[in-house]
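Accompanying notes for the structure given below.
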Amino acid sequence: MLLSSRVKGVSDSITQQLNEKAQNLAEEGQIIYNLSAGQLPIKPPQEFIEKIQQQLNFLKSYQYSPVTGIPELKKKILSQHFEKRKIEGEGLDVIVSNGSKQSIYIALGAILDPGDEVILLAPYWVSYPEMIKFWGGIPVPVKSNVYDAFSPVLEDIAKVITPRTKAIIINSPNNPAGIHYPEKWMKAFAALMKEHSEVWLLSDEVYSDLSYFDPEPTYFYQHEPSLIERTMSFGAISKSLAATGLRLGWTIAPKSAVSAMGKIQGQTTSGASALIQRALVDFDFSQLGRFLEPVKVHLRRSANMIREKLRASDLPNLWYQSHSAFYFMLDFSRTPMFARFAGEHPENDYSKEICQEILETLGIALVPGTDFGLPNSARMSLTMEEVPFQEAINKLVTYLITP
Ligand code: PLP
C-alpha cells in the first residue's frame, strides 16, 4: 500500500534509532556506555510522585480535561513564567500539551503555510526541521560552531530573513550544544528581531532550569518586552522534573496563537493527561531548586571531567565548555582520528560513520552531529554516573587521538 509523500519526506528520529541499536548490543552481552540519552536517570521529586498518587483517587483524573488545559494549571504556568522571567504581559494565554514536542509541532501548524521559511540556529534540536517539513515549511539553518561558542553571528541571521520568513526558533539552553546564548548576544538578537515585526519568535525553554555555571540564561523578550506580543515560549516537565515519560509540556503565547493551536489539539489529541495536570496544580514548584541541585552538581562534574581529559590529551580545538542542559558537543574534524575517515575530502560529513564505529568498537553511543546541522561532530550526554562516564571518556579520547 502507498504511504503519503509527506511522511516519506520526514526522517526517523536518529536518537531513537541509536538508542535501539545500543540496546540491542547490550542485550547481546556487550558493555554499552549509552551517552545518547536526553533524560535524567532518576525518578521525579518524591513530592510530585505523591501528588500523582493522591490524584489517583479522583474520577476527574481519568476524564478529558479542557482542550487547552486545566484553568488552574494554566494560571499557575503563566504566573510562574512572569515571576521567573521578571516580565509582564497582556493578552497571553497557555496551552498544555502532551510534551513540549507536541507543543512546538502544533505551534508550527498554527502559523505555517506551505513554502513559509523558518530560521533555525545550528546546532539545533533534530526534530525542528522535520516538524517544519511536515507542515510544508522550509527550514533555513544559520550555522555556528565551537569557534563562535555556538552563538550564530547576528549578521548571518539578518542575511537569511526574507519576506517568506514566518518564524525563527531559538533554543536556549541549547540541545545539543550544552550552552545558553550569552546576555549580550540575546540583547543584540532582541534588537534585530525588533526590526522584523512579521516574524514569529519561537523560544524553546525546556532546559531553562538546567544551567549549572553562572550566569543564568536570559531571554530576548526580557530585553525587548514588546517582542512578547509575537513570542511563543515552550516549557515542559520532562527535563526539569525528570519526567520525560509523563508527556506534559506547554506553550505560553498570544491568545490568537493559543486559540489556533487549540483547534489542532482539539481535533487530534484532545488535550494532555488530566492526571498529570491535576498533580501539577498541587505541586509546589519551589521544590524544584532543591531537586535540581544534585543534578547540577553532577552535570558540572561531568562537564569538568571531559574538559580536563580533552585538555590533558592535547585536544584543545574541538569543544566549547558546556554550561547548561545535559550535553557536550565534540567536533571531530580537528582530531588525529579524523584523517582516517576524511582522506582527501575533509569537507564531507562523516559524523554517522564515526559514531557507528565508536559504538561498534568501543560500545559508546553518541548522537551524530549531522542531524543537528553540525557536520563532523557528535553529541554526548553528561547524565551518566561518574565511574562509567570516566571509563567511557577515557576510551573515547584514546580513540580520538589515535590516527
Ligand atoms: N525541545 C528540546 C530542545 C528537546 O531537547 C526536547 C526533548 O529532547 C524537547 C523540546 C521535547 O521535550 P518533551 O516533549 O519531552 O517535553
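Observations, loosely collected:
- Filtering region 325-359 to residues that are under 30 Å from Phe213 (Cα atoms) and more than 16 Å from the ligand (Cβ to nearest atom) leaves Leu330, Asp331, Phe332, Ser333, Arg334, Thr335, Ser351, Cys355, Ile358.
- With respect to (1) in contact (Cβ under 8 Å) with a residue 24 or more places away in the chain; (2) open to solvent by less than 90 Å² (accessible area, probe 1.4 Å), the lone exception for Ser79 is condition (1).
- Qualifying residue in region 253-273 (condition: under 20 Å from the mean Cα position of the chain (by Cα), hydroxyl-bearing (Ser, Thr, Tyr) and under 25 Å from Thr231 (Cβ atoms)): no
- Of all residues making up region 145-170, the number that are in contact with a helix residue (DSSP H, G or I) (Cβ under 8 Å, 6 or more places away or on another chain) and open to solvent by less than 10 Å² (accessible area, probe 1.4 Å): 5
- Counted residues, region 1-26 - those being away from the ligand (no atom under 16 Å from the Cβ), part of a helix (DSSP H, G or I) and without any contact (Cβ under 8 Å) to a residue 12 or more places away in the chain: 7
Here is a yes/no grid of residues against (1) open to solvent by 50 Å² or more (accessible area, probe 1.4 Å); (2) basic (Lys, Arg):
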position	(1), (2)
Gly249	no, no
Pro254	no, no
Lys263	yes, yes
Ala272	no, no
Asp284	yes, no
Pro294	yes, no
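- Enumeration of residues in region 189-236 that are more than 16 Å from the ligand (Cβ to nearest atom), among the hydrophobic types (A, V, I, L, M, F, W, C) and over 28 Å from Ala303 (Cα atoms): Ala190, Ala191, Leu192, Met193, Val199, Trp200, Leu227, Ile228
- Residue ID - nearest to the chain's Cα centre (by Cα), chosen from residues in region 323-345 that are under 16 Å from Gly369 (Cα atoms) and in a loop (DSSP other than H, G, I, E, B): Phe326
- If the condition is being within 16 Å of the ligand (Cβ to nearest atom) and open to solvent by 60 Å² or more (accessible area, probe 1.4 Å), then region 27-42 contributes Gln39, Pro41, Ile42.
- Within region 85-114, considering residues that are more than 16 Å from the ligand (Cβ to nearest atom) and free of Cβ contacts under 8 Å to residues at least 60 places away in the same chain, the one farthest from the chain's Cα centre (by Cα): Glu90
- Close pairs (9 angstrom Cβ cut-off, 6 or more residues apart or separate chains): free of Cβ contacts under 8 Å to residues at least 12 places away in the same chain in region 27-50, open to solvent by less than 30 Å² (accessible area, probe 1.4 Å) and more than 15 Å from the ligand (Cβ to nearest atom) anywhere: Ile49/Ala279; Glu50/Ala279
Okay, residues lined up against (1) surrounded by fewer than 24 Cβ atoms within 10 Å (Cβ to Cβ); (2) in contact (Cβ under 8 Å) with a residue 24 or more places away in the chain:
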| site | (1), (2) |
| --- | --- |
| Glu353 | yes, no |
| Gln356 | yes, no |
| Thr361 | yes, yes |
| Ala365 | no, yes |
| Pro368 | no, yes |
| Asn376 | no, yes |
| Met384 | yes, yes |
| Phe389 | yes, yes |
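- Pairing residues of region 310-326 that are over 18 Å from Leu299 (Cα atoms) and modelled with pLDDT of 90 or more with residues that are away from the ligand (no atom under 16 Å from the Cβ) and part of a helix (DSSP H, G or I), at Cβ distances under 8 Å and at least 6 apart in sequence or on separate chains, gives Ser313/Val397; Ser313/Leu400; Ser313/Ile401.
- The conditions of being of a type in the set (A, V, I, L, M, F, W, C), modelled with pLDDT under 95 and open to solvent by 40 Å² or more (accessible area, probe 1.4 Å) are not met by Ile14.
- Residue, surrounded by the fewest Cβ atoms within 10 Å (Cβ to Cβ), within region 83-116, restricted to residues that are among the charged types (D, E, K, R) and not in a loop (DSSP other than H, G, I, E, B): Glu83
- The single residue among Tyr181, Tyr128, Tyr124 that is touching a strand residue (DSSP E or B) at 6+ places or on another chain (Cβ under 8 Å), over 24 Å from Gly109 (Cβ atoms), within 14 Å of the ligand (Cβ to nearest atom) and not small (Gly, Ala, Ser) turns out to be Tyr181.
- Filter result (in a helix (DSSP H, G or I), in contact (Cβ under 8 Å) with a residue 60 or more places away in the chain and charged (D, E, K, R)) within region 117-168: Glu130, Lys133
- Selection status of Leu241, open to solvent by 10 Å² or more (accessible area, probe 1.4 Å), within 16 Å of the ligand (Cβ to nearest atom) and hydrophobic (A, V, I, L, M, F, W, C): no
- Looking only at region 51-68, and only at residues there that are farther than 11 Å from Arg278 by Cβ and in contact (Cβ under 8 Å) with a residue 40 or more places away in the chain, the one that is surrounded by the most Cβ atoms within 10 Å (Cβ to Cβ): Thr68
The values are calculated or read from the model by the stated rules, or taken from the named source; none is laboratory data. The structure presented is a predicted model; accordingly, all values stated were derived computationally and were not measured. All Cβ positions, even for glycine, are placed from backbone atoms using ideal geometry, and neighbour counts span all protein chains on display. Calculation scope for accessible area: heavy atoms of the full protein, side chains included, ligands and nucleic acids excluded. Shrake-Rupley method; radii C 1.70, N 1.55, O 1.52, S 1.80 Å.
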